[in-house]
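Okay, so here's the structure we're looking at.
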Amino acid sequence: MPKFKIAIADDYPIYRDGLQVTLSSDENLEVIFEADNGQELLDKMDISVPDLVIMDYKMPVMDGMVATRLIKEKHPAVKVLVISMFHDEKFINHLMDNGADGYLLKDAEPEQIMATIHQLLY
Amino acid sequence: MNNNITLLVIMGIVVMLGLMLSVLLAVMFNFRKKNQHRRAMEQLKEMQQNQLIEAAIRSEETERHRISDTLHDEVGAILSSAKLHLLGIKQTTLDEKDKKLHEKGAGLLNDVIKRVRGISHNLHSNILKEFGLNEAIRHFLQQVTGGTLISTDTRLDEAYKGSTPEHDMSLYRIIQELINNTIKYAGATKLEINSTLVGQELVVSLIHNGNGLSQEDFETFSFRKEGLGLKNIRNRILLLKGNISFFKTSETSTVRVSLPI
């Protein structure tokens, strides 16, 4: 079975490292690249398209809200999971309206993160 | 001859009256000028005082924003990553003692994450910017009273669509400070926040069943060094050209803030 390709975008490398630790618990997942912001993510997606993008909302250059909308316009099949620190319901609804497939808080448990990823990919 | 004397006397009186009138006019003019000068100085003093308050408030907001962002983004990312790393340790490789330590560490980390997020939100609310004053008040109230014995209710006038960002931020800070004071000092178990838009004036009322401040308490404490929160409220009200009133009955305490918008 081919592995699912994942891309991570977050301006904090330390959080990307943490996510890599969590994702390594499933052998069927492969992180194909990381990006510092939404623009870098979109540029890299011109070369290699992942099955799932996991990204922060608040990023410099291009934030997760704009990046989600542009990804969905250009690559509608790619699933987008936004992981951020904002927990306001209206904000999350706004994000979902822009095309996000899932939303999690950054302090979510690893089991919760993996369950959401499985739900989106399998 | 007599006529000449009479004429001279009359002329003398006229000249004297003229001189007296001139002196009187000069005195009045001088007095008016001094009054104008005093008023101008008072206005200048008030303007300078308002500018100082405004600068202090702006600098406080900038600093709050900076600390809040650092806590939210940088510290938040590090803590969340620490949690993912810690919980990435396979439980099966640990003995019973280490499992307990691991569990304890994860619990403490969760607690720190929640506290840091709470502090960050108190310092600066993105909700105010994104969703307006009413939503920010509801969110803050829920955040600070959630998990406590205080029951809350809000009836906020949705006709109020917001003023300038600075105005709304100041009003939000006033309400935040009043809520914090109620929770900390009043011993209330019920807290209600209402707002009404009346013409060009927004009236916000905080009503609770605890032992709140009286108008006299507010006037006294807001000038004391230790009453920094109340002093901030007074300064913000002054700057927004609003009013704050405190009422107490045997059962309820009410704070009423009215501001022109």
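All of the numbers you see were taken from the coordinates with simple rules; none came from a lab. All values reported here derive from a predicted model rather than from experimental measurement. Don't worry about glycine lacking a Cβ; one is built from the backbone with ideal geometry, like all the others, and counts go over all protein chains shown.
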Net lengthening on full extension, B:Ala159/B:Asn211 (0.36 nm per residue, minus Cα-Cα) | 15.6 nm
Per the protein assembly as shown, sqrt(5λ) over the Cα gyration tensor eigenvalues, sorted largest first, in Å, gives 65, 27, 18
So which chymotrypsin sites (Phe, Trp or Tyr not before Pro) in region B:140-222 are both in a DSSP loop and have at most 16 other Cβ atoms within 10 Å of their Cβ?
-> none
Cα extents of chain A along the three principal axes, largest first (Å) | 35, 32, 26
Return the distance in nm (one decimal) between the two label points of a simple spin-label model at A:Val61 and B:His65, each offset 7 Å from Cα along Cα→Cβ.
-> 2.4 nm
How high is the relative contact order of region B:132-261, in percent, counting Cα pairs under 8 Å that sit 6 or more residues apart?
-> 24 percent
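Pull out the extension gain between B:Lys104 and B:Leu197, defined as 0.36 nm times the separation in residues minus the alpha carbon to alpha carbon distance; nm, one decimal.
Numbers: separation 93, 0.36 × 93 = 33.48 nm, distance 5.02 nm.
So the extension gain works out to 28.5 nm.
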Sites B:Thr189 and B:Asn4 - FRET efficiency at Förster radius 56 Å, r taken between beta-carbons, to 0.05 = 0.05
Considering only lysines 8 or more places apart in sequence, or on different chains, count the pairs in region B:3-142 whose C-alpha atoms sit under 23 Å apart.
-> 14
Select from B:Val204, B:Val23, B:Val75 the residue whose mean-square fluctuation is largest in a Gaussian network model of chain B (Cα-Cα springs shorter than 10 Å).
-> B:Val23
Most exposed first, judged by fewest Cβ atoms within 10 angstrom, B:Thr252, B:Thr164, A:Thr68 run B:Thr164, B:Thr252, A:Thr68
Quick one: if you stick a label point 7 Å off each Cα along the C-beta vector at B:Thr148 and B:Gln43, how many nm between them?
-> 4.5 nm
Rg(Cα) of region B:132-261 divided by 2.2 N^0.38 Å?
-> 0.99
Using alpha carbon centers only, region A:40-81 is separated from region B:85-159 by a whole-angstrom value of 28 Å
Longest segment of chain B lacking GluC sites (Glu not before Pro) that sit in a DSSP loop with at most 14 other Cβ atoms within 10 Å = B:1-157
Within 10 Å of each residue's Cβ, count the other Cβ atoms and sort B:His37, A:His94 from fewest upward.
-> B:His37, A:His94
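Averaged over its residues, how many other protein chain Cβ atoms are within 10 Å of peptide A:107-115's Cβ atoms?
That average works out to 3.
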